[in-house]
Amino acid sequence: MDHIAALEQQMMSERLKKKLNEVNIAAETQLASVQDHINFTLQQAYFKCAYECFDRNRKHEEIGNCVEHCSVPVVRAQQHFENEMSKFQERMNRSLMVCQDKFETAKLQQIGSDAVNILESCVDQSIQETVKTLPHLVERLKSNFSIRD
């Protein structure tokens, strides 16, 4: 029986990896325009601004302060993006932990193979709900960064 349980555990692990990969692909696809804005538009503005800081009439400290000032928008945007993604990940992790708890409870109640079905169903629903939040997250980020489509 332990061999069967190990196989079930391995199968569930593979299915979970596949589901998480689906979330990653959806997130990368939907957040591409936001990442593009940070990595190119804001970075480009930073480098243009920083370039203007290098003037032989300025002292070394003034140049450093100017370049630092130029970096503020891109640093803030990246921090905000990372914070939002961290919250997204935390929500998904909590949701998946609930699924794990349901699975453990089903195993304790000796439901057996139904425990795997309970876990898989819960994970599917959790992933679907998580992916549904992505468009709202993208819109919030676009609004925050003043990105127009």
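Helix 2-36 and the longest principal axis of the C-alpha atoms of the chain enclose an angle of approximately 30°. Its relative contact order, with pairs defined as Cα atoms under 8 Å and 6+ residues apart, puts the chain at 33 percent. For trypsin sites (Lys or Arg not before Pro), the sites in region 1-69 that DSSP calls loop and that have at most 11 other Cβ atoms within 10 Å are Arg56, Lys59. Counted residue by residue at 0.36 nm each, then reduced by the alpha carbon distance between them, the extension gain from Asp149 to Glu52 reaches 32.0 nm. For region 82-149, the mean projected area of the C-alpha convex hull, equal to one quarter of the hull surface, is 4.9 nm². Length gained on full extension, Gln35 to Gln109, computed as 0.36 nm times the residue gap minus the Cα-Cα distance: 22.0 nm. So what's the net charge close to Leu20: Lys and Arg +1, Asp and Glu -1, counting the other residues with Cβ under 13 Å from its Cβ? Within the 13 Å Cβ shell, the charges total 0. As a fraction of the 1.4 Å probe accessible area of the chain, surface on carbon and sulfur atoms comes out at 52 percent.
Computed with a 1.4 Å probe over protein heavy atoms only, the accessible surface of the chain comes to 71 Å² per residue.
For a quick check of your reading of the filter: which trypsin sites (Lys or Arg not before Pro) in region 76-149 sit in a DSSP loop and have no more than 12 other Cβ atoms within 10 Å?
Passing both the DSSP loop test and the Cβ count: Arg148.
Just want the answer: with Cβ charges of +1 for Lys and Arg and -1 for Asp and Glu, which residue in Gln44, Ala27, Ser95 is farthest toward the dipole's positive end in the chain? Projecting each Cα onto the dipole axis, the largest value belongs to Gln44. State the label only: which of (1) 1.56; (2) 1.47; (3) 0.98 corresponds to Cα Rg over 2.2 N^0.38 Å computed from the shown model? Among (1) 1.56; (2) 1.47; (3) 0.98, the one calculated here is (1). Nearest 10 degrees, 0 to 90: what angle lies between the long axis of helix 43-53 and the longest principal axis of the chain (Cα atoms)? Result, in degrees: 30. Compute a Gaussian network model of the chain, connecting alpha carbons closer than 10 Å, and tell me which residue from Val116, Val138, Val72 fluctuates the most. Highest fluctuation among the options: Val72.
The values are calculated or read from the model by the stated rules, or taken from the named source; none is laboratory data. Keep in mind that this is a model prediction, so the values were computed, not measured. Neighbour counts run over all protein chains shown; Cβ positions are idealised from the backbone, glycine included. In case anyone asks, the SASA skips ligands and DNA or RNA and just uses the protein heavy atoms, side chains included. Shrake-Rupley method; radii C 1.70, N 1.55, O 1.52, S 1.80 Å.
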